[in-house]
Amino acid sequence: MKRHRHFTLVLVAALLFGGPAAAKAPTTWDGLVQVKSKRLNLVYLQPGADFRVYTKVMIEPTEVAFAKNWQRDYNRTASSLSGRVSDSDVQQALTKAVKAADDIFTEAWTKGGYMVVTEPGPDVLRVQTGIVNITVNAPDQPTAGRSYSFSGEAGYATLFVEARDSMTGALLGRAVDQGVAGDNSAAWRTSVSNRADFRYLVEDWAKAGVRGMTELKALSPIKP
């Protein structure tokens, strides 16, 4: 059930920000109501939810996924076989990304004054986060000869966040946001600069989530 829920969230994020044919965002979602947000594209909250009781967070492992056809489409345009992205490259990148994202979110919540715990409790908020639809414009794959990777941005990704009461599992809120990594007009891209640019994007999302929690406490209980 838990895995199915996470897959559903990834699918919805893909539909909302999947390109020209992206679906129109619903006004309600599993009993949540869409509210305006200055920080994220889409935010949904449970009417009546009270976030003031939460002083700790239980962080689930970050879901990380590339855009469905990103590897295939990139390899079609690669100038040589050595410049293609292999299945091994993708799996290694995902493993490193999960670890990096988990560290970033843990650090952000800790700096925000929340204790990060591993067990449920009456004052514990359970947070599930995902970084999906990842597209890297210029992966900078090693090739036999000297080559350079160029792109106006490092790439794109979509964030989704789900918050639940850790004791009851009650759904309190969800958010979805599309972001651009490395939107700095640096045409020459390297593996090092790509990692740094995507890290900056995730750090911005993590900080926005903690600031958003502070705002939700001030607004609690959430009005219908």
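Since every read-out is calculated from the coordinates, none of them should be taken as a lab result. Keep in mind the model is a prediction, meaning the values are calculated, not measured. Note that we place each Cβ from the backbone using ideal geometry, even for glycine, and neighbour counts take in every protein chain shown.
Under the combined filter of DSSP loop state and at most 10 neighbouring Cβ atoms within 10 Å, the range 25-76 retains these trypsin sites (Lys or Arg not before Pro): K36, K38.
Once both labels are positioned 7 Å from their Cα atoms along Cα-to-Cβ, the gap between T190 and L94 label points is 2.8 nm. Between K217 and T55, the simple label model (points 7 Å from Cα in the Cβ direction) yields a spacing of 1.0 nm.
Remark: the range 210-224, residue by residue, has Karplus-estimated 3J(HN,Hα) of 5, 5, x, 5, 4, 5, 5, 5, 5, 8, 6, x, 5, 6, x Hz, where x stands for each Gly or Pro and the curve is 6.51 cos²θ - 1.76 cosθ + 1.60 at θ = phi - 60°. The distance between label points at K24 and A78 comes to 4.1 nm (points 7 Å beyond Cα on the Cα→Cβ vector).
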